[in-house]
Every structure is written in structure tokens, then in C-alpha cells.
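Here's the structure, in C-alpha cells; my notes come after.
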Amino acid sequence: MGATLRALRALVLLLGFYLLSLVLLAALIGIDVLVFSWGHGPLTVKVGFVTVLLAVPVVRGMLMLRTPKGEDGHGIPVTEADEPRLWALVRELATAAGTRAPDRILLTGEVNAAVSENPRLLGLLPGPRRLYLGVPLLTGLTEAQLRSVLAHEFGHFTGGDTRLSALVVRGRVQIGRVIGQFHEKADDKVAADRARQEQASAKRIAKGKKAKQIDTTGVGATYRTMARIYTAYGKLYLRASLSTARGQEFAADLTAARIAGRDATASALREIPVLSASHDFYLDSYATLGLQARLLPPRGEFFGGFGRLLTARELELAGLRSELPEEPAGPYDSHPPIAERVRRIEALPADGRADEAKGAALALLTDPARTLAALEDAVLADELLSYPRAAGWEALLDASMATGLSAAQTPLHRALAQYTGQPATLSALLDVIDDGRLWRVAEKLPLSEEAAAAKGRAFREFVRPVLRRSLRTMVLAEFSNRSLLHWEFSWSRPATVRLPGWGSQTEDDGPEAALEAAVEAALADHPDTAQLRALLPPATQNA
């Protein structure tokens, strides 16, 4: 479908929104006229009031005459003086794509690259262009792969996609705004009705009467019905524009293959979902590791550590590149499945460009370390930036685990405190175990119906997994409280605990194995806490 036909379709879809709104307004006016013709009275006033309330969100949506302008978002704007090599590459690829280069480049903290344009007259006239380029993307791609990604984005400029998106975005935003207003009105009605019923119930209770059950069923139904009408059209709108959007992605892929090469384009498509999943894992498991201790990684390492993770887990990531998503991210995702895109590119004839630009894309930046540090200032919230910095990743891990263990409240903590009426401590638990009262404590744990009904050995088997995890946590917390616990940091595997004086032992008879054996002995049918007490600091044994 050519640009003209795509523009016509986008315009028809947008006009459909206005037509739907006019039809609904006409229906509301028709209801008023019909009720008014029957006579005057309270019903006429009430219906007129309701129809006016329903008409307000519709009119507001129709009067949103301007397409919302996108903001730059959080990132680092870089000029040609700041990053001459990056700008030179961008201009070279824009020329190869036969389009105008962006006017602005913004480095972001996401695994993503995107272009945008603020056109005039609903996309009929060009406007300022922006390129958003994620530094984590630069960290994980080669220069050849980055060339492909940028060529793909400039392919959207070539096809006029960024200008046509003004029409599509306007329709999506207007429909979404009207739906949101109707749901907001419905929620307000429910809240008001609930408050009225609760007030009435309070008065009944004050008079010694039984309170009525709160029931808001059907409240706000008129607003939600209007929202459902627009939601149905919104789904139609998205489905109708979906094939066009996915066709634009395929066309941009072909532009990338022509400019950057078939192999670089296919490998970039394989790499991006792997980088995206890896970056999510990195943020959850590493970059934000110290938040509970109110600590940040060393300066520049919040984003800089991502490269270390990729290097350490290269073998693990290699397998992910062959497991491409066969389905789109969602039913209305504008991007086709990655697997289909890769198959189309790899089906192209070989072009002999397999060995081009193998260097890291991050090297295109003048000073990567400075950029990684500056990105933290631009992207992270002010509250996070106020946190002190850890001396290193090992110190960050130790502080995080110590904070987590000091605040740990396991099910066993709560059950023991409930059973004894005293604060739950490890020494108190060991005494309870030695006295043969552990299973009475276990009866205070949150239990499933099946576990609560079990007796004897069956009951013990039900509760042992919870007891095992909780007891292990209590032991580690004891070592941590006495600054005797160390955690071994690793980019390639989960952190492992190192108990005092055991660093030289093998993995089979090391701290993990000894601790697990001691915990199992303490939780056996005939418990023995001797092994566990032998591991603990003297102060705990003598408590």
C-alpha cells in the first residue's frame, strides 16, 4: 500500500471517530426530545441532566484539535560537537536511506532505538525529527548491527511513516481520552454511592440496627456502556491500522538489509529481544540490588555493569538467540513477530558483507564512561541520586543482603512469636526444638486446608519446606547481625554465601552443604540441633 493510500486510510479511521461521536450526540439529543415530547416534570429534568453529563466527554474528545506533542523524555541530548563519530554515522545512513537526518539525538537508558517527527497539518508537511538511541543497545550491539538498527529507523522516514503516524496517534489518543473520561465518571459514581451507603450503614449501627451490605452493582453502568462503545471502535481502529503498521516494519527491515547488509540485519533482529530480556534481568538483579539498603552502584556502574553481565553470560545468551518469539508482543503490537522478520531477511540473497564493522557500537561514543555516568544523572530519579554509592559491587551485595536479613520476617518468625509470646530469636527457636515443641509452633504457620487436616508424619512433611527456608534465613541473619557473613558476587551465577572460616573448603563440603545438613538435622522427626549450634557464633550458642 502506497503512502497516499495509507494516509487516506488513517484519515478515514480518524473521521470515523468523529462520525461515531456525532451519532452518539444525536442519539442523546433524540432521547431528550423524545422525553420532552411526553411532558414536563422531574423525569424530564433528570434525563436531560444525565444526557448532558454523557455528552461532555464526547464533546471534549472531539474538540481535541491538536495531536499531542511527544516530549523528549529522560536522556542526554548530544550535539555533533559532543559525539562527532555517532553523528557522522547517522548522517551517512540517512543519506543512504534517501532521507533527511534527524535534527536531534537523545541518548536514553532503554534497549531501544526510535525516530519521531512533529509534522504540521496532520502529517502533510514535515517537521523536526528526533532519534532516540538507548545506551544499553549500544552496549550489546556491534557497529554493524547498530548500522542496521539505524537504517531501519530511517526507513520509516523514507516511507513517510513518521508523518502518517500523526493521524494514527491522534485517533488513538482521542479514543483513549474519551474512554478514560467515561471510566473516570463511572468510578466517581461508584465511590459516591459507596460513601452514601457506608454513611447510611453507620447511622443504622448507631441506632442499634443491623448494617446493610454495601452493593454498588449497576452504579455507573450508563457511563461504562458509553465507554464500551468507544472501546469497540478503538479495537476496530487498531486492527485496521495494524496491517499497515506491520507492513511498514517489513519495509524498514528491507531498507536496513540494503544499507547495512543481510547478515547484520538478521543478527541485530536476533539480538534485540535477547538484550531486552537481559537488561530487564540486569536491572532487577544487579543495578537495583542496593535499593533496600539505600545504596547505588559505583558512579557510572548503574548502566555500565550491563556490559559485564553480557560478557559473563555469553554462552547462556547464545542459546536465547535461536529461540525467537513466534508471536507478537500483544494483539495490537505494531511490530510483527521477530521470528517472521528474521526469516524474511535471511531468505534474501547473500551480499558478501558478513565481516563488516565487528567492533562494539559503544566505542562510537567519544567517552563511554563519561556518558554512562551522565546518563544516571539524566534518567534516575532525584531520590535515587541522593543515595550514597557503594565502594564496589561486592560491597553493594553485602549491604543489600545484610539489610534484607535484618528485616526478614519469615512465617516461622511470626509463628514462634505467637507461640511463645516473646520476640522470635534463633536461640529461642533452638530451645523450642530441643524441648520437642517445634511441631506445636508449626501449627501456628499459615496452612492450607490439606495441611491443617493432616496429622503426624504427613503434617510434618507438609510444613518442612516452609520451616527449612525460614530456619535457614534465621541462621544467616544471625551471622549477618554479627558481621560474620560474606556473599560472593558473580556476574555469571547467583550470589553464594560464605560463612566464616570455610573459604578453603570444597563446594561439596562447603558452607552451603554443611548448613543444609545442619538445618535438616534440626527439622528431622527426631531433631538434633547440635550440628546447627556448632556452626553458630559462640554468643548464640550461649544465649
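The values are calculated or read from the model by the stated rules, or taken from the named source; none is laboratory data. Quick caveat: nothing in here was measured; it's all calculated off a predicted structure. All Cβ positions, even for glycine, are placed from backbone atoms using ideal geometry, and neighbour counts span all protein chains on display. Quick note on the areas: whole protein, heavy atoms, side chains included, nothing else; ligands and nucleic acids left out. Shrake-Rupley method; radii C 1.70, N 1.55, O 1.52, S 1.80 Å.
With a 1.4 Å probe and all protein chains kept in place, how do 267, 470, 37 rank by accessible area, largest first? Please list the in-between numbers first.
On the way: 267 40, 470 5, 37 80 Å².
The residues order as 37, 267, 470, largest area first.
Apolar share of the accessible surface for region 396-490: 48 percent from carbon plus sulfur atoms, 1.4 Å probe.
Under 5 Å from the amide H of residue 129 lie the amide H atoms of 103, 104, each residue being 5 or more positions distant or on a separate chain, with H modelled from the backbone and absent for Pro and chain starts. Residue 460 contributes an accessible area of around 50 Å² to the protein surface, as traced by a 1.4 Å probe with all chains present.
A 1.4 Å probe over all protein chains sorts 489, 281 by accessible area into 281, 489, starting with the largest.
At a probe radius of 1.4 angstrom, the accessible area of region 381-481 per residue rounds to 51 square angstrom. Coupling constants for region 211-223 follow from the phi torsions by the Karplus curve (6.51 cos²θ - 1.76 cosθ + 1.60, θ = phi - 60°), and in residue order they are 6, 7, 5, 6, 9, 10, 4, x, 5, x, 5, 5, 4 Hz; glycine and proline get x.
Which order do the peptides 80-86, 311-317 take when ranked by the mean count of other beta-carbon atoms within 10 Å per residue, highest first? It would help to have the intermediate numbers written out before the result.
Details: 80-86: 14.9, 311-317: 12.9.
Going from most to least packed, we get 80-86, 311-317.
In the context of the full protein assembly, residue 335 retains an accessible surface of approximately 70 Å², using a probe radius of 1.4 Å and ignoring ligands and nucleic acids. A probe of 1.4 angstrom, applied to the heavy atoms of all protein chains, finds residue 444 with accessible area near 90 square angstrom. To make sure I understand the rule: partners must be lysines, Cα under 20 Å from the Cα of residue 212, and not fewer than 8 residues away in the same chain. Which ones qualify? Here the lysines satisfying the reach criterion relative to residue 212 are 189, 203. Cross-link reach is defined here as a Cα-Cα straight distance under 16 Å, omitting same-chain residues fewer than 8 places apart; for residue 444 the lysines meeting it are 455.
Phi angles across region 490-496 convert, under the Karplus curve 6.51 cos²θ - 1.76 cosθ + 1.60 with θ = phi - 60°, into 3J(HN,Hα) values of 8, 7, 9, 8, x, 5, 10 Hz, Gly and Pro given as x.
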